[in-house]
1. Taking only pairs six or more apart or across chains, which ones have beta-carbon atoms under 7 Å, a first residue in region 218-235 that is of a type in the set (S, T, N, Q), and a second residue that is not in a helix (DSSP H, G or I)?
2. May I ask you to list the residues in region 119-160 that are among the aliphatic types (A, V, I, L, M), assigned to a helix (DSSP H, G or I) and more than 22 Å from the chain's Cα centre (by Cα)?
3. Is one or more of the residues making up region 290-305 acidic (Asp, Glu), within 21 Å of Ile20 (Cα to Cα) and in contact (Cβ under 8 Å) with a residue 12 or more places away in the chain?
4. For region 48-65, name all the residues that are open to solvent by 10 Å² or more (accessible area, probe 1.4 Å) and among the aromatic types (Phe, Trp, Tyr).
5. Scan region 246-270 for residues that are more than 16 Å from the chain's Cα centre (by Cα) and of a type in the set (Phe, Trp, Tyr) and jot them down.
6. Tell me which of these Gly344 doesn't satisfy, since it passes every other one: (1) under 20 Å from Leu22 (Cα atoms); (2) among the small types (Gly, Ala, Ser); (3) more than 18 Å from the chain's Cα centre (by Cα).
7. Considering only residues that are charged (D, E, K, R) and not in a helix (DSSP H, G or I), which ones fall in region 74-103?
8. Here's a check for you: in region 66-85, which residue that is more than 23 Å from Val334 (Cβ to Cβ) and of a type in the set (D, E, K, R) is surrounded by the most Cβ atoms within 10 Å (Cβ to Cβ)?
Amino acid sequence: MRVKYIDYIKCIAILCVIVIHLCGRYRYATVSAEEYMATFVLAWIVRTGVPLFFMCTGALFLHIKEMDIKKLFTKNIPKLVICLILYSFIYSAFMKRDLLIGQEMGVLTFVKETIKEIIGGDGAAPLWYLYAIICVYLMLPIFRVIVDNASKKLIEYYLIMCFIAAVLLMFINVPQLAILAGWTHNMNYIWFFCGYSIYIVGGAYIAKYDVSKKVRYVIYALAVISLFFVEVSKKQFEGNPAPGAYNINDYLSPLTMIYAMAVFILIKECCSRKKEDGKLYPVIKYISQNTLGIYLIHSLIVDTLEIVLPLNGNLFVVIPVHFVLALLITVLIVFVLKKIPFVGKWVV
């Protein structure tokens, strides 16, 4: 049985992921200052994509459906591992295509380097999600026991503690908010005890319990307030663009957390009030069922489109055109791959 609001959330999440990757590439094109700022605003608005995926995982595996441990370890996790290895080679070949075509890099060297990247987690940027979700899947049986047996207040306590840890790290790492910077930057270890689990447990909590109207409105208000921090994010990015540098719009930022929770709750509430599926639901359902394949392939399509159709031009024309083309081409490729016996069920 399909869970309608989860389908809507997963569909919105993958669309957000495509847009945010387009924004990241558009920033490096020759654009005006206004368009440059607009990409930060747009990227901030769609930042919830990946967190929403984690929340859907928590909702589905920890509350909505029975967990099949055997299937988890014989199908779900093996499929993710296979995808990680396969797409690591595909992305690596795409990024090193000039070296391979020009025979400046031998096949054996290419294979060795790619294996090193897989082991070290240094492959293509979009594949980080596979490492994270594999770790999440490995922990799901433990989280299931916690969610099934813990009281509502105990789960709330856990979520609040995770959120407090995120707030502390934000005040430690963000110069403009560095009230606690005088403590020690080594306090980053605070995050080790919770990580992405706030999304996993948060998704299960929202799926399991009704959030009161008063709490919903508080979360919505905080989510709206969080949107006004985009200028801080822009200054951070320009001041310390190094990979891995903390940014106020990171997935583990309290602002992203509260925004993702608000979106998840809002979509669930809207779907609960709308009894009919709607004419677009079949499309939404198909996209929801194939978000993994779309996620894995879309970045290759976005990069290819950037070569064929450079991102230079008006923001309100270029990004929508690239978005529509990337989505349609990616969905078409996923559709074709799904039709191939055996292959389709393991690679998309």
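1. Sorted first by the residue in region 218-235, then by its partner, the pairs are Ser233/Asn247; Ser233/Ile248; Ser233/Asn249.
2. Ile142, Val145, Ile146, Val147, Leu154, Ile155
3. Among the residues of region 290-305, at least one is acidic (Asp, Glu), within 21 Å of Ile20 (Cα to Cα) and in contact (Cβ under 8 Å) with a residue 12 or more places away in the chain, which makes the answer yes.
4. Phe53, Phe61
5. Across region 246-270, the qualifying residue is only Tyr246.
6. (1)
7. Within region 74-103, Lys96 is the sole residue that qualifies.
8. Per the criteria, the residue is Asp68.
The values are calculated or read from the model by the stated rules, or taken from the named source; none is laboratory data. Please read these numbers as outputs of a predicted model, since none were measured by experiment. Here the Cβ is made from the backbone with ideal geometry for all residues, glycine too, and neighbour counts use every protein chain on show. Each accessible area value is taken on the protein alone, full model and side chains, heavy atoms only, with ligands, DNA and RNA left out. Shrake-Rupley method; radii C 1.70, N 1.55, O 1.52, S 1.80 Å.
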